[in-house]
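Peer 1: Sharing a structure, written as structure tokens. Questions coming.
The values are calculated or read from the model by the stated rules, or taken from the named source; none is laboratory data. Here the structure is a predicted model, which means the values were calculated and not measured. All Cβ positions, even for glycine, are placed from backbone atoms using ideal geometry, and neighbour counts span all protein chains on display. Side chains are part of the model used for accessible areas, which takes the heavy atoms of the whole protein and leaves out ligands, DNA and RNA. Shrake-Rupley method; radii C 1.70, N 1.55, O 1.52, S 1.80 Å.
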Amino acid sequence: MKPSIILYKTLTDNLIDRLKQRVNIIQVPDLSPDTLKKHADDFARAEGLLGSGGKVDSALLENMPALRAVSTISVGYNNFDVNALTERGIALMHTPTVLTDTVADTLMALVLSTARRINEVAERVKRGEWTHSIGPDWFGVDVHHKTLGIIGMGRIGMALAQRAHCGFSMPVLYHARSQHAQAEERFNARRCNLNTLLSEADFVCLILPLSAETHHMIGAEQLAAMKPTAIFINAARGQIVDEQALINALREKRIRAAGLDVFEQEPIDPQSPLLQMPNVVATPHIGSATAETRDAMAHNAVDNLLAALQGNVTKNCVNPEVLSR
Ligand code: DGY
């Protein structure tokens, strides 16, 4: 008999057909308590779980005693209680490779749009304010040859370093737990402590996972260490930053601008002061959101789930130790 899986994301017909050859699909809108109540029997017998965006914690797992494999259509897995999954011998699969370049492009887009004030001046043109040759109040600042600081030198950090070094002649600083010989050899990146990075970089780019260790890693003290001319970019997770401290730093002009793809609360409250600030570029968590990459991520997540259900966790598994249990 084919195993059942809970699918909590819409997939293309193509992928649904592929999955159907191997599993029975129970499609649900989300992982909310209401959905759980409505589909209690389906959740109880499901051996797989596939989707993104919902919380997978002990409370949910209590209702899924047959679960063997979980596959998220994302690289980040902060919505998952990894310890609870591992304790129960459930494999957690994710998509760490297929979105690297797209997220690095997003970071570079935020660097460029904040420095050159693209959104702000484009809006002024649309409002009919371009009535004569522009003056300094429309000017941005250069990106090329400025120093880019990367906090978190994983795959995406590497791809960002490549863009900055090869495309924009930028010196690259990085702060990471371990040394990255490749980043140093290929992109001349220099590893430094957080404080040095914050005080020397013209662009401080955050791209590391959210964990208990990184929660509010950037707060008032760290923002105060940045140069008043520096720009802060976050395409990692909103909770890594103390958002109120960021609002204060921007309000008091202690930093120049911010490019933010992620927020402490998503979607962001439309009343957030961040959205009133002309020097903030806010995007709706579009890090990996291109048609090609989201499609590749969905394919990858389906492959990952099917492999894990067969006991194969050699690729893209967060907790491969589950197999040795
Ligand atoms: C992820 O996959 O975790 C990213 O946040 C998507 O943009």
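Peer 1: Of all residues being open to solvent by 20 Å² or more (accessible area, probe 1.4 Å), of a type outside the set (A, V, I, L, M) and touching a residue at least 12 places away in the same chain (Cβ under 8 Å) in the stretch 271-287, which is farthest from the ligand (Cβ to nearest atom)? Just the residue, please.
Peer 2: P278
Peer 1: If you scan the stretch 199-229, which residues turn out to be under 25 Å from A164 (Cα atoms) and either polar (S, T, N, Q) or without any contact (Cβ under 8 Å) to a residue 12 or more places away in the chain (or both)? Can you show your working first?
Peer 2: First, pick out the residues of the stretch 199-229 that are under 25 Å from A164 (Cα atoms): 199-210, 214, 217-218, 222-229.
Within the stretch 199-229, S199, T214, Q222, T229 meet the criteria.
Peer 1: Something else: Of the residues I233, I268, I255, only one is more than 21 Å from the chain's Cα centre (by Cα) and within 23 Å of M108 (Cβ to Cβ); which? It would help to see each step written out before you state the result.
Peer 2: Numbers: I233 fails: more than 21 Å from the chain's Cα centre (by Cα); I268 fails: more than 21 Å from the chain's Cα centre (by Cα).
Step by step, each of I233, I268, I255 is checked, and only I255 is more than 21 Å from the chain's Cα centre (by Cα) and within 23 Å of M108 (Cβ to Cβ).
Peer 1: Quick check on my filter: what residues within the stretch 30-45 are within 18 Å of A301 (Cβ to Cβ) and either in contact with a Cys (Cβ under 6 Å, 6 or more places away or on another chain) or surrounded by fewer than 17 Cβ atoms within 10 Å (Cβ to Cβ) (or both)?
Peer 2: Correct list: D30 only.
Peer 1: Another question, then. Please go through the stretch 289-314 and pick out each residue that is open to solvent by less than 20 Å² (accessible area, probe 1.4 Å) and among the β-branched types (V, I, T).
Peer 2: T293, V302, V313, listed by residue number.
Peer 1: Checking the condition within 16 Å of the ligand (Cβ to nearest atom) and at pLDDT 95 or above, which residue from G140, G152, G128, G135 passes?
Peer 2: Working: G140 fails: within 16 Å of the ligand (Cβ to nearest atom); G128 fails: within 16 Å of the ligand (Cβ to nearest atom); G135 fails: within 16 Å of the ligand (Cβ to nearest atom).
Matching residue, one of G140, G152, G128, G135: G152.
Peer 1: Which of the residues spanning the stretch 72-120 are away from the ligand (no atom under 13 Å from the Cβ), farther than 29 Å from Q310 by Cβ, open to solvent by 20 Å² or more (accessible area, probe 1.4 Å) and touching a helix residue (DSSP H, G or I) at 6+ places or on another chain (Cβ under 8 Å)?
Peer 2: Within the stretch 72-120, L112, R117, I118, N119 qualify.
Peer 1: Additional query: If I filter the stretch 250-268 for residues that are open to solvent by 10 Å² or more (accessible area, probe 1.4 Å) and not in a loop (DSSP other than H, G, I, E, B), do I get at least one hit?
Peer 2: yes
Peer 1: Just to be sure before I move on: is L246 within 15 Å of the ligand (Cβ to nearest atom) and either aromatic (F, W, Y) or crowded, with 23+ Cβ neighbours inside 10 Å (or both) in the structure I sent?
Peer 2: Numbers: within 15 Å of the ligand (Cβ to nearest atom): no; either aromatic (F, W, Y) or crowded, with 23+ Cβ neighbours inside 10 Å (or both): yes.
Spelling it out, it is not the case that L246 is within 15 Å of the ligand (Cβ to nearest atom) and either aromatic (F, W, Y) or crowded, with 23+ Cβ neighbours inside 10 Å (or both).
Peer 1: For the structure I just gave you, tell me whether L223 is at pLDDT 95 or above, within 16 Å of E264 (Cβ to Cβ) and either away from the ligand (no atom under 16 Å from the Cβ) or open to solvent by 10 Å² or more (accessible area, probe 1.4 Å) (or both).
Peer 2: Considered against the rule, which asks whether it is at pLDDT 95 or above, within 16 Å of E264 (Cβ to Cβ) and either away from the ligand (no atom under 16 Å from the Cβ) or open to solvent by 10 Å² or more (accessible area, probe 1.4 Å) (or both), L223 comes out as yes.
Peer 1: Another question, if that's okay. Going by what's in this entry, would K2 be described as outside any helix (DSSP H, G or I) and within 16 Å of the ligand (Cβ to nearest atom)?
Peer 2: When the stated conditions are applied, K2 does not pass them.
Peer 1: Output the qualifying pairs, or none if there are none: Cβ atoms under 6 angstrom, residues six or more apart or on different chains, first residue in the stretch 1-21 and closer than 19 Å to M64 by Cα, second residue crowded, with 16+ Cβ neighbours inside 10 Å and modelled with pLDDT under 95.
Peer 2: Partner pairs satisfying both residue conditions: Y8/G54.
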